[in-house]
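Below: one structure, written as structure tokens.
The values are calculated or read from the model by the stated rules, or taken from the named source; none is laboratory data. Quantities reported herein were computed from a predicted structural model and do not represent experimental measurements. FYI the Cβ positions are ideal-geometry reconstructions off the backbone, even for glycines, and counts take in every protein chain you see. Surface areas here come from the heavy atoms of the whole protein model, side chains and all, with no ligands, DNA or RNA. Shrake-Rupley method; radii C 1.70, N 1.55, O 1.52, S 1.80 Å.
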Amino acid sequence: MLLLARIVRLVTAVVVGAIVVGIVLHLLGANGGNAIVSVVYDVAGWLVTPFKGIFSLDGEKANIAANWGLAALVYGIVGGLVARLLAGMGAGGVATRRRATVA
């Protein structure tokens with residue numbers, strides 16, 4: 001289970017990282033015609049699909065920052081909780097504690 005928890009943490013970091021890079025590129029006005037920028041926009045845009053339109057602010061950059069930022073936050077929290085639960089299960093359960101050894 002500990003290996004699975006590490007994989008969940010890694011995937012969560014990649015997902016949140018892709019969204020944050022997408023936000024930064026949008027805020028800096030990166031050229032969407034560039035191949036790398038286009039890939040980042042496509043990946044981040046697909047990941048934030050459930051969060052589109054939650055906030056309706058003035059300006060495209062504000063909308064992207066708010067909605068995509070919320071998506072990154074939710075993915076980070078949920079991924080972290082899942083990884084923590086898996087790590088706890090792998091360590092013998094959440095309520096398991098180590099006993100102090102007496103020499």
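Values as computed for the structure displayed
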quantity: Unique residue being in contact with a helix residue (DSSP H, G or I) (Cβ under 6 Å, 6 or more places away or on another chain) and surrounded by 14 or more Cβ atoms within 10 Å (Cβ to Cβ) when the list is Ala66, Ala71, Ala13; calculated: Ala71
quantity: When residues of segment 54-86 are limited to those that are aromatic (Phe, Trp, Tyr) and assigned to a helix (DSSP H, G or I), the one farthest from His26 (Cα to Cα); calculated: Tyr75
quantity: Close pairs from segment 65-76: first closer than 16 Å to Trp46 by Cβ, partner open to solvent by less than 20 Å² (accessible area, probe 1.4 Å) and of a type in the set (Gly, Ala, Ser), Cβ under 7 Å, at least 6 apart; calculated: Trp68/Gly22; Trp68/Ala44
quantity: Tally of residues being assigned to a loop (DSSP other than H, G, I, E, B) and among the charged types (D, E, K, R) across segment 1-53; calculated: 1
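One line per residue, one yes/no per condition, for (1) buried (at least 16 other Cβ atoms within 10 Å of the Cβ); (2) more than 14 Å from Ile19 (Cα to Cα); (3) among the charged types (D, E, K, R); (4) without any contact (Cβ under 8 Å) to a residue 40 or more places away in the chain:
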site: Val37; (1), (2), (3), (4): yes, no, no, yes
site: Ser56; (1), (2), (3), (4): no, yes, no, yes
site: Gly80; (1), (2), (3), (4): no, yes, no, no
site: Ala87; (1), (2), (3), (4): yes, yes, no, no
